[in-house]
Amino acid sequence: MRNKVIVLMIIATSVVLAGCSSKKEVSQDTGEIKVETIQNESVSAETPTPTPTPTPTPEPTPTLQELVTVVCTNKTNVPADYMNGRYSDRCDLTFDLTNNTDRPIQGIQGLLIIDDLFGSNITKITCNFTGQTINPGETVENDEMGKEINEFVDTDVKIWNENYEDLKFSYLVNSVVYAGETSDDDTNKTSGSKDVTITCTGKKNIEIDIYAGRFNPNVQFFFMIENHTDKDIRGIQGIVTVSDLFGDVIDRFNCDFTGTTIKAGDQAEISDKYLEVPSYDDAAVQLYNEDFDDLKFEYEVKDIVYSE
């Protein structure tokens, strides 16, 4: 009976060892059981990494300063001439303007900085160039700029006294207006109210004529007034605001229309509006010097008087 039990134990042990052969290994020399861990290795086919398409580097946007090149090429002192209405000395400045873009430029707005020979600043002057279109890549000469010299202002006197070669000029560009970028001329010069439309149609510069009693230049303005009501208009009271090409206000002045009756539903041309231009009035001088096409007009109606 004992022999059967021993045989059965041997058989059972063999079964256990045989059932675990995939997990363990038996040493034939010592009978020691060694545990061997089986690791599952995942094998995958190597997929080639796609080469990314290179992104083109965008060209840097040019700064305002790079759009144009402004160089002061000369300074000329012009003495006062009372007989010709020039009551103060004046420094005329000549510039070369270069368009570095691929579009025609209509106007350049900026600041002229004048330093002395040692780099110390003398003055900074608002200096805008309008009145001529600069084509792409073109350089044009502008000799219409200048500065009135006030003998009681030290910086003015220094600019007058210094030689051109001893002055340093630099130009800070604030804005560039391209040709065709502004609104239609009529839009820039038409305004009013629901009852009337007032359009500035032209500007004419009138020179000094001491024999006619005109001791300062004048600017003559031309207007077209349209009456949208069913009543005749005897008079219109209002204010004209004139801005430059860049939208900066140059001047505001009262402008009343009387003396001409504008029939109901009709229109009338007005040409008797004048603005005197004394040399000390910077706003009036700018209005005189600007081309009509570079000006914007707005009329604010304050009151309308109708015929009884």
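Given segment 66-120, report the % of alpha carbon pairs whose separation exceeds 19 Å. Before the final figure, lay out each step's value.
On the way: 760 of 1485 pairs.
Value for segment 66-120 (Cα pairs over 19 Å): 51 percent.
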Show me, for segment 160-170, the HN-Hα J-couplings you get by feeding each phi into the Karplus relation (A = 6.51, B = -1.76, C = 1.60, θ = phi - 60°), rounded to Hz, glycine and proline as x.
5, 7, 6, 6, 4, 5, 9, 10, 10, 10, 9
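Which loop GluC sites (Glu not before Pro) in segment 194-290, with loop taken from DSSP, have no more than 14 other Cβ atoms within 10 angstrom of their Cβ? Write out the running numbers ahead of the final one.
On the way: sites: 207, 226, 269, 276, 290; in loops: 207, 290.
Those satisfying the criteria are 207.
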With the calculation restricted to Cα positions, what are the radius of gyration and Dmax of segment 193-308 in angstrom?
15.3, 46
Sequence-distant residues sharing a close amide H with residue 232 (under 5 Å, placed H):
264, 307
Residue by residue, what Karplus-based ³J(HN,Hα) values in Hz, rounded to whole numbers, does segment 238-245 have, using 6.51, -1.76 and 1.60 with θ = phi - 60° and x for Gly and Pro?
x, 10, 9, 10, 10, 10, 8, 4
Residues whose placed amide H lies under 5 Å from that of residue 146, excluding near-sequence neighbours:
93
Using only protein heavy atoms and a 1.4 Å probe, report how much of residue 147 is accessible, in Å² to the nearest 10.
40 Å²
Determine Rg/Rh for segment 53-156; Rg is computed over alpha-carbon atoms and Rh is the Kirkwood hydrodynamic estimate from the same atoms.
1.12
Long-range amide H contacts for residue 193: which residues qualify at under 5 Å (H placed 1.01 Å from N, peptide plane, sequence gap of 5 or more or a different chain)?
198
Which of 204/263; 231/263; 203/273 exceed 18 Å between C-alpha atoms? The answer is 204/263
Taking only Cα atoms of segment 129-228, what ratio of Rg to Rh do you get with Rh as the Kirkwood inverse-distance radius?
1.09
Could you tell me the accessible area of residue 93 in Å² (1.4 Å probe, neighbours in place), rounded to the nearest ten?
10 Å²
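The values are calculated or read from the model by the stated rules, or taken from the named source; none is laboratory data. Owing to the predicted nature of the structure, the values given are computational and were not obtained by experimental measurement. Counting neighbours? That spans all protein chains shown, and the Cβs are built from the backbone with ideal geometry, glycine included. Surface accessibility is based on the protein's heavy atoms, side chains included, excluding ligands, DNA and RNA. Shrake-Rupley method; radii C 1.70, N 1.55, O 1.52, S 1.80 Å.
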